[in-house]
Structure formats: C-alpha cells, structure tokens
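Working notes, beginning with the structure itself.
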C-alpha cells in the first residue's frame, strides 16, 4: 500500500499532505487540508485531542515516534484496518523544530498474515504437546532451526541412568476383535486407554505410545524423579482396579497383563513429518518380555524393579523364568502396597 504523508507546523496546523493521505481523510484535493487542524478532519474530538497531544510531545521533546501500530475503524465499511504510524520533528537550518512530518502505512494485510501465522504456530505447538512430553516439545522447537544437515532428523536424544518402563496389554484382544464391529472395538479400546491416560497424568508419568492393544508408559523421564518405580507400581495397581469396570460385548470381564522393568534407557525424538518420542535399550525390551510372558490379571516385575519396591509393596516370587532373548531370570508378582 502507498504511504500516506502529512506535515504540520508547531501550532499543529496542517501545511500539506500527499494524495493518499487526502483520500484517506476523504478530501477531494490535498490542498484542502492546508490551514486545518485535527479537529476539522476527525469526527471524534477526543481522538483529535489525543493526536494533538502526541504531536505536541514530539515537538516539545524533539524526539520521533517510530512505527506505532494502531487500529482504525474505517468509516466507509466499518472494518478495522491496522496502521503503522511514524512521526518525526522537522528542523530548520539551525536545527530548530519548525513542525512535524507524519508517515502512515496501511499494514492490515501484514497484520492478518502475522495473526494467521501465530494461529498456525499455536496449532503446531498444541499438536507437539499432544505427541511429545512438554519439556521435549520445548527442546524440539528450539532445535528445529539448528539441524547440522538436512539428513539429520534425530533432533533430540538423551541417556537416562535409571527409569522404570511398563507395558500393559489387554488380554485376548485379538479374539475380541473378531467378534465385534470395528467402531465398537475402537470405541471400547479408546475408553480403556482414556482411563489409562488419566492414571498416567494422576501419577505424573509419561505415556510413550500405544501399539495395537498394548500401552507403554515410563517413569523418571523427561524429568528425573527418585520414586519412578513406585509411581509405575501405583499406576499398575490402579489399572487392575479400573479395568474391572469394563466388560466385553458378551459380558465377559476384561483383564490386563502387565510387565515392568527398571534401568537405563535412551530417549529421543525421531521422524521428519511425524515426530515420535520413543525409548530404546535392553530395559525396554525386557519390560516388554515381562508383559508378553506374564499372566492375565497379574503384574510381573524384574529383580531390578523388585529391589526398588520390596520395602513398600507386597511382592511374590514367581521363580526362574526363561525369557526370550535373555535366558533365565528371577521375576516377581506385584500384588499390592504394604
């Protein structure tokens, strides 16, 4: 948009303007402004007085006002436009202030573009927070602009010395899925996982992902906490209680099989178009084995987790178990709090 320009003397009387300013002021000719004041061209006296006070301050202080962003309601159609207003003192050859020069630019399109960009950024942040832990989402936003090359998509990776990982699986879900419609099946699974999500939030844990009918959660990251094993144990016990309220469409009880392990992991964000926050390490694989080689309705934990829970929880020794990929392991059943 072309700029609108006007100039006044030290009495705040207009000495002239360009055609763009005259058209905006609804004047037929730029010369029509000569000798007039803001009171003559503005319908609202309070607005005119405010402009005059601003102009007088610029003249008195001999300091410019640069890029003031202000809204204006257009009288022709009632729409709000945005203006970028700059005013600077005019000096004579001896550097005395003899007036003021104003430059106005309609930046409505730019303002709308900025607001649209802000709205999109907020949507993006909300999406990030839906798939990533808050602290990781903040790290990701900061690191997006500093990738070393375009092939580097592992934006964030961190070692954690000790966390507790839990896998929970809905027992016989595959059989259940063959007996009900897809909408009913997904609806039931969604209701169950929403309850698990609430428990995750209640205990301050981090949901990592769902894989089919399996639910993965971790304690102790991204913010380390000393009671990560206890928090996971409490959620596992709560899951057993909550799942009891659900029935299959044939009226049968639904059970979960839970596996827990404690130890070091690597956590990070991978992906290019769809970011994923995930965990890697032997601890994760073993936690998954604790679930898959467990028993319906029970919570199986490794010896590492047992050592962190034994003083505050009831645990029963299961015995030596042959674990795929690990050989024999001593495992325990978590049955409740002391």
Cβ pairs under 6 Å, 6+ apart, first in segment 326-338 and surrounded by fewer than 14 Cβ atoms within 10 Å (Cβ to Cβ), second not in a strand (DSSP E or B): 330/303; 338/312
Please go through (1) free of Cβ contacts under 8 Å to residues at least 40 places away in the same chain; (2) more than 29 Å from the chain's Cα centre (by Cα) for residue 246 and return the number of the only condition it doesn't satisfy. (1)
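For segment 305-325, which positions are at pLDDT 90 or above and surrounded by fewer than 17 Cβ atoms within 10 Å (Cβ to Cβ)?
Selection gives 307, 310, 311, 312, 314, 316, 317, 318, 320.
Each row is one residue, and each column tells you yes or no for (1) within 24 Å of the chain's Cα centre (by Cα); (2) assigned to a strand (DSSP E or B); (3) modelled with pLDDT under 70.
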residue	(1), (2), (3)
103	no, yes, no
116	yes, no, no
138	yes, no, yes
144	yes, no, yes
184	no, no, no
Reported set for segment 20-50 where residues are closer than 17 Å to residue 85 by Cα, in contact with a helix residue (DSSP H, G or I) (Cβ under 7 Å, 6 or more places away or on another chain) and surrounded by fewer than 18 Cβ atoms within 10 Å (Cβ to Cβ) is 42, 48
Filter segment 1-11 for residues that are out of contact with any strand residue (DSSP E or B) (no Cβ under 6 Å at 6 or more places or on another chain) and either surrounded by 18 or more Cβ atoms within 10 Å (Cβ to Cβ) or at pLDDT below 95 (or both) and give the result. 2
Quick one: would you say residue 172 is under 19 Å from residue 289 (Cα atoms) and at pLDDT 60 or above? yes
Is there a residue in segment 89-100 that is under 22 Å from residue 13 (Cα atoms), loosely packed, with under 12 Cβ neighbours inside 10 Å and in contact with a strand residue (DSSP E or B) (Cβ under 7 Å, 6 or more places away or on another chain)? yes
Strands (runs of 3 or more DSSP E) enclosed by segment 223-338 - at least 3 residues per element that are assigned by TED's automatic domain parsing to the domain that holds residue 163 and more than 19 Å from residue 211 (Cα to Cα): 256-270, 299-302, 313-323, 327-337
Can you tell me which of (1) more than 25 Å from residue 270 (Cβ to Cβ); (2) over 26 Å from the mean Cα position of the chain (by Cα) is the one residue 169 doesn't meet? (1)
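The values are calculated or read from the model by the stated rules, or taken from the named source; none is laboratory data. Being a predicted model, the structure only gives us computed values, none of them experimental. Every residue, glycine among them, receives a Cβ derived from its backbone with ideal geometry; neighbour counts consider all protein chains shown.
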